[in-house]
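The values are calculated or read from the model by the stated rules, or taken from the named source; none is laboratory data. These numbers come from a predicted model, not from an experiment. Cβ sites come from the backbone with ideal geometry, for glycine too, and all protein chains shown count toward neighbours. These accessible areas exclude ligands, DNA and RNA; they are computed on the full protein's heavy atoms, side chains included. Shrake-Rupley method; radii C 1.70, N 1.55, O 1.52, S 1.80 Å.
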Amino acid sequence: MGRWDPPEGDADREFPVRTRTSPTARRRRARTRGIQRRKGTRRPLALGCYVTIAPTIVPMLMEWITTHHPKVELTVVTGSQAELPQRLLAGALDLAIGYDIALPEGLESVLLYRTPAYVLLPEGHPLAAQEIVPLEALANEPQILLDIPPAAQHTLLLFENAGVTPRITQRTYDFELTRSLVARGFGYAVLIQRPAVDHTYEGRPVMVREITPADPSGGVRMIWPRGVRLSDRAAAMVAFATQHAHDLDPRIRRRALGLP
């Protein structure tokens, strides 16, 4: 990962090109430029976001763009951790937001916040009485594995490093379905993303507890291709997201609501 240096601000500047055109074409072009200046040409900005992070980050960024940069046309694409970096490198996205897990080479990034893994338990589970749950205490419990990259690989690596073999009884491919199954008592889940509330779509409660050994990873980053000069609008979004990372961090939102 490289270090980000703010651009000099000329990525969107237009430079005149001398061509031979007829007087009629020049008048037509002048009229077009005048209309564009009066209407305000909208400039595109393509943002990718890992699918489980998007609901907690994208709305705030979209609100900021709409309020402070109305001439920027923001397009948001959600996808997997494997898909978004490839879209960046192919030039289909200007920026992306994802975890700093299994990222390919050729990318620059800036850290927004850290979100270490935790265990999600159903209400009333005996282990929920502990503030910190050892992974070895989960060895005989049924696990619901969120089986999408990088979540599954990350979870399994945590258990491997702790010398524990999890008893996987369910595999899911949806974050909220995983939470709902936990709330129904089908097992526990180890997750990274933390919603600001501890209830499922069904309204059932779930319990969030820290794990040990602690997870040192789980950083959320804003990413772009290495060696590519960011446009002014992309650089502005990077700066805003970095400066307001505390507002994006779901752990801070949870504390504001009095949640662990």
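Which value does Rg/Rh take for the stretch 198-246 over its C-alpha atoms, Rh per Kirkwood?
Values: Rg = 17.7 Å, Rh = 14.8 Å.
Ratio of gyration radius to Kirkwood radius for the stretch 198-246: 1.19.
Taking 8 Å as the Cα distance limit and 6 or more residues as the minimum spacing, I'd like the relative contact order of the stretch 188-260 as a percentage.
On the way: 26 pairs, mean separation 32.8, N = 73.
Computed value for the stretch 188-260: 45 percent relative contact order.
Apply the Karplus curve 6.51 cos²θ - 1.76 cosθ + 1.60, θ = phi - 60°, to the phi angles in the stretch 49-56 and return the couplings in whole Hz, x for Gly and Pro.
8, 4, 4, 7, 7, 3, x, 9
Which order do the peptides 154-161, 44-51 come out in when sorted by mean C-beta neighbours inside 10 angstrom, highest first? The partial results should precede the final answer.
On the way: 154-161: 16.6, 44-51: 20.4.
Descending mean neighbour count gives 44-51, 154-161.
Using Cα-Cα distances under 8 Å and only pairs 6 or more residues apart, what relative contact order does the stretch 47-206 have, in percent? Intermediate values should be presented prior to the final figure.
Values: 213 pairs, mean separation 38.5, N = 160.
Relative contact order here is 24 percent.
I'd like the accessible area for Leu177, computed on protein heavy atoms only with a 1.4 Å probe and all protein chains in place. Round to 10 Å², please.
80
Could you calculate the FRET efficiency of Gln153 with Gln243 from 1/(1 + (r/R0)^6), where r is the beta carbon distance between them and R0 is 45 Å, rounded to 0.05?
On the way: r = 32 Å, r/R0 = 0.70.
Plugging the Cβ-Cβ distance into 1/(1 + (r/R0)^6) gives 0.90.
Once amide H atoms are placed 1.01 Å from N in the peptide plane, what residues at a sequence separation of 5 or more from Glu73, or on another chain, have their amide H within under 5 Å of its amide H?
Arg43, Leu45
With each label point set 7 Å from Cα along the Cα-Cβ vector, what nm distance links Val228 and Arg204?
So the label points at Val228 and Arg204 sit 4.2 nm apart.
Residue by residue, what Karplus-based ³J(HN,Hα) values in Hz, rounded to whole numbers, does the stretch 75-88 have, using 6.51, -1.76 and 1.60 with θ = phi - 60° and x for Gly and Pro?
10, 10, 10, 9, x, 7, 5, 7, 6, 5, x, 5, 5, 4
Quick one: which residues, 5+ away or cross-chain, put their amide H under 5 Å from the amide H of Tyr113? H built at 1.01 Å from N.
Sorted by chain and number, the residues that satisfy this are Val220.
Any idea what the relative contact order of the stretch 122-260 is, in percent, if you count C-alpha pairs under 8 Å spaced at least 6 apart? Write down the numbers at each step before the final one.
Details: 153 pairs, mean separation 39.0, N = 139.
About 28 percent, as a whole number.
Can you give the direction-averaged projected area of the convex hull of the alpha-carbon atoms in the stretch 127-210, in nm²?
Numbers: hull surface 20.6 nm².
In nm², the orientation-averaged hull projection of the stretch 127-210 is 5.1.
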